[in-house]
Structure formats: structure tokens, C-alpha cells
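The values are calculated or read from the model by the stated rules, or taken from the named source; none is laboratory data. Please read these numbers as outputs of a predicted model, since none were measured by experiment. A quick note on method: Cβ atoms are made from the backbone with ideal geometry, for glycine too, and the neighbour counts reach across all protein chains shown. Please note that ligands, DNA and RNA were not included when accessible areas were found on the heavy atoms of the full protein model with its side chains. Shrake-Rupley method; radii C 1.70, N 1.55, O 1.52, S 1.80 Å.
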Amino acid sequence: MSRFSLRTRLTILVTVAAAITLAVLTAGFNLLLGSTLNTDANRVLQARASAALEEVAVQNGSVRVKESPDRAVPDSQVWVYTGGKAIERPPGPASVQRLADSLAAGPRRRVEDSASDVRLFAAPVEQGSQRVGTVVSAISLEPYEHSASRALTASLLYAVAALLLVVIATRLVVTRALRPVARMTAEAADWSEHDLEHRFNIGEPYDELTNLAATFDTMLARLASSLRHEQLLSAELSHELRTPLAAIATEAELALRRQRVDDEYRDALRLIASRAGQMQRTLETLMAAARAESLEDLGTAEATTVGEQALEACQGVARNSGVTLLLQAPDQSLRVDVDADTAERILVPLIENGCRYGRSSVEVDVGANSDSVEFTVKDDGPGVAPNEASRIFEPGYRGDAGSPDDQGAGLGLALARRLARAVGGEVEALENGAGATFRARIPLAR
């Protein structure tokens with residue numbers, strides 16, 4: 001049945017249910033009608049017998065028929081017996097006559113002659129407590145059976161007609177009911193291919209169709225969001241990797257352009273390895289951002305542990321720059337609402353930036369406000385000019401304080417902010433009057 005369309009399945013189910021219902025109703029009607037006709041026939045039999053009893057009299061232990069104008073009516077279908085002898089016998093088939101004679105001395109009862117389709121009823125004639133005779137009435141069952149047969153035929157025809165009407169009505173109703181669903185499905189399929197920003201916009205759902213439209217809107221919104229994330233990730237990968245790739249290609253071309261000594265080749269390879277490392281970190285950060293945007297639960301991590309791991313990851317840069325790394329941890333335990341790896345990827349670019357520009361130290365303070373953990377990274381370098389506070393977060397941009405010999409790609413701060421925003425946080429530059437200060441806010445775990 002699953003091979004059929006929903007409209008066909010619903011029509012079949014309704015048809016089967018209607019057929020069963022009509023069959024039960026038809027059978028019940030005919031059974032009730034048969035019982036009613038049978039009761040009516042018995043009532044007529046008893047009425048005839050009662051009327052016959054009124055027309056007989058008992059004299060000297062014998063039964064005689066009173067003189068009555070309608071006593072001789074030939075179709076009265078009443079036998080009168082005195083003792084076992086018939087004194088009144090209507091015409092009829094021999095089988096009926098024999099059956100009536102057998103009832104003459106018997107108890108009060110009803111019997112049927114299947115050959116002639118006649119029912120007989122015997123009523124005793126009594127004088128005091130002594131039985132002196134019998135009255136037997138008869139009735140033909142043919143009219144009743146004919147009525148029952150006609151009623152059965154008519155009810156069957158009615159049931160068939162009603163079933164056909166139910167099938168037609170169900171088909172029409174289901175088709176009309178599902179037509180909006182088919183239209184909405186076609187439109188949603190077309191929008192998913194050509195216009196993911198289109199919506200049904202039916203407002204607050206109030207029935208099944210509006211609930212379906214709202215579901216389609218939610219589905220299209222998710223598809224659009226996923227597509228935007230993919231497009232953004234592709235654009236970011238293309239943009240962020242352009243600089244290190246160009247540096248690698250340029251350095252390789254310069255190294256191959258002329259014969260060089262071993263030290264020069266080592267320097268070139270070292271620079272290429274550094275650019276490759278930048279590419280790897282860039283890819284890992286962008287993938288972490290994409291993962292954070294697609295997952296609802298990234299786990300949690302202890303904020304102080306995150307700060308310690310971030311400082312440990314920057315020890316090499318700090319030693320090369322002659323900078324001391326310090327951590328100011330809070331007294332109470334704080335947890336960020338992301339995993340430790342994601343939180344560390346947000347902090348490391350800020351600490352590395354401080355190592356490159358700081359003169360002697362970089363300090364990381366861990367604190368919290370009502371809804372987030374705040375990591376404040378401070379260095380004692382030249383600081384950030386007011387007009388560069390926002391531009392330094394643009395990919396590839398390096399501030400005026402940067403050295404021409406700095407081999408950074410200018411991607412660290414941009415990636416840190418990108419990842420922080422992906423998890424619901426933020427990275428921003430603060431003014432402190434001396435050195436640079438950056439604050440990374442990461443949602444607080446509840």
C-alpha cells in the first residue's frame with residue numbers, strides 16, 4: 001500500500017471503513033426487519049386465533065361454531081376442532097391439513113409448513129379446566145418474505161450507492177485538501193533550488209496546513225543558513241589563505257630563481273614552513289568556527305585552564321621576542337561554554353600579537369560578568385592607534401606599529417574575532433593609555 005499516493009491510500013482507507021460500516025448497518029437493518037416481520041406474523045396469527053375463539057361455543061363438552069355472517073368466509077384460514085375431529089376446515093394443501101390435524105390435540109404452539117410456506121398457531125378451547133377442542137389459525141409467510149427480500153435488495157442497492165458516493169466525496173475532499181500541500185511542496189522545492197530567501201510567511205500556525213507552511217519556512221531558513229555558512233566559509237578560506245599561499249609561492253620562486261648557499265635555502269624553507277603553519281592554523285580556526293556555528297553544544301571548559309594552555313602554546317613566540325607571560329586567575333572557578341580547544345584558539349592570536357609588539361611582558365587576566373568570561377590580554381608595547389582599533393581586525397591588515405620584518409600574515413586578530421563571534425562571544429581592542437589591550441568575551445557556562 002505504501003506504493004500508492006497519499007490521496008489513494010486515504011481514499012482506500014475511507015472506502016474500507018465505509019464498506020464495513022454500511023455492511024454492518026445493512027445486516028443490522030435486515031435482521032431487525034426480519035424480526036419485526038416475524039413478530040407481526042405471529043401477532044396476526046394470535047389475533048386470528050383469538051377471533052376464532054370468540055366465534056365458538058361449548059355445549060355438553062362439544063365445540064360448535066356460532067352462527068355469524070362472516071363464519072363462512074373461505075379465506076379465514078381457521079380450523080376448529082372438537083376433540084380431535086375437525087368441524088371447520090378451510091381449503092388448503094394436504095401438507096397444511098395434516099399439520100393442522102397434528103395440532104388438534106397438542107399444546108399451544110406455532111409450527112411452519114416449509115412446503116407451502118405457511119405458519120400455523122394452535123389455541124386450545126377449554127371448558128373450565130378441561131380441554132374440549134382446538135382452534136388452529138394459519139397465515140401465509142410469502143408476503144412477509146417478499147417484503148424482507150425487497151428490503152434486502154433495496155438496502156444492498158442503497159449501501160452500494162452510498163459507498164460510491166462516499167468514494168467520490170472522499171476523493172474530491174482529499175484532493176481538495178491535499179492540493180495546497182502539493183502546491184506548497186512544489187513551491188518549496190522550487191525555492192530550495194532557486195530562491196532560498198523566499199518564505200510562505202503565514203504568521204502564527206493555527207492548523208495542519210499552516211503548521212506545514214511554518215515547517216517549510218523553518219526548513220528553508222536552515223537550508224539558507226547552511227548555504228550562507230558554506231559560502232562564507234569558502235569566501236573566508238579563499239581570502240584568508242591568499243596571503244600565506246602568495247608568500248609561499250613567492251619565496252619558492254625566489255629560491256629557485258638562482259643558485260643559493262645552504263643557509264639561504266634553509267631560510268627560505270623556514271619561511272615556507274612558517275607560512276604553511278599559518279595556513280594550517282587558519283584552516284583549523286575557520287573549521288572550528290564552522291563547527292561552532294553548526295553545533296548547539298560544544299561542551300564546557302575551565303577558564304583558568306584555558307588561559308594556562310593558551311600561554312603554554314605561545315611560549316615559543318614569547319622566548320623569541322624576550323617577553324614574559326603572566327596569568328592573573330580569579331579566585332572562583334569559572335567555566336566557558338565552549339570546549340578548551342576552541343577557547344584556546346580565540347586567545348592564542350591575542351597573546352601572540354602581544355608577544356610581537358610587547359617590550360617585556362604580556363599579561364592575561366581572567367574575569368567574568370553576568371553572562372560571559374572575559375579574558376583581557378595586555379602588553380607594554382606601542383599600543384593601538386585610535387583610528388586602527390577596528391581596522392586591525394580586518395584580514396591582512398597590520399597596524400603602523402608593525403615592523404617591516406614581521407612575517408605575520410595579519411590574520412590572527414581577524415580569525416580570533418571570527419571564532420569568538422561564532423560561539424556567541426566577541427573580541428575587541430580597548431584603550432588603556434599604555435600598550436595594547438584586547439578583551440575576548442566567551443559565553444559563561446551555566
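For the range 246-284, the candidate set comprises residues that are in a loop (DSSP other than H, G, I, E, B) and at pLDDT below 70; within that set, the residue that is nearest to residue 349 (Cα to Cα) is 260.
Yes or no, residue by residue, for (1) more than 30 Å from residue 23 (Cα to Cα); (2) modelled with pLDDT under 90; (3) in contact with a strand residue (DSSP E or B) (Cβ under 9 Å, 6 or more places away or on another chain):
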{"position": "106", "(1), (2), (3)": "yes, yes, yes"}
{"position": "115", "(1), (2), (3)": "yes, yes, no"}
{"position": "125", "(1), (2), (3)": "yes, yes, yes"}
{"position": "155", "(1), (2), (3)": "no, no, no"}
{"position": "167", "(1), (2), (3)": "no, no, no"}
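If you go through the range 189-197 one residue at a time, do you hit one that is open to solvent by less than 70 Å² (accessible area, probe 1.4 Å), modelled with pLDDT of 70 or more and under 34 Å from the mean Cα position of the chain (by Cα)? Within the range 189-197, one or more residues are open to solvent by less than 70 Å² (accessible area, probe 1.4 Å), modelled with pLDDT of 70 or more and under 34 Å from the mean Cα position of the chain (by Cα).
For the range 335-364, the set of residues classified as more than 17 Å from residue 318 (Cβ to Cβ) and outside any loop (DSSP other than H, G, I, E, B) consists of 335, 336, 340, 341, 342, 343, 345, 346, listed by residue number.
Of the strands (runs of 3 or more DSSP E) entirely within the range 70-174, those holding at least 3 residues that are open to solvent by 80 Å² or more (accessible area, probe 1.4 Å) occupy 109-113.
Of all positions in the range 66-75, at least one carries a residue that is within 24 Å of residue 148 (Cα to Cα), modelled with pLDDT under 85 and not aliphatic (A, V, I, L, M).
Flag set for residue 388, criterion: open to solvent by less than 20 Å² (accessible area, probe 1.4 Å) and modelled with pLDDT under 90. Within 30 Å of residue 151 (Cα to Cα) and either surrounded by 11 or more Cβ atoms within 10 Å (Cβ to Cβ) or within 60 Å of the chain's Cα centre (by Cα) (or both): does that describe residue 63? Here the answer is no, as residue 63 does not meet what is asked.
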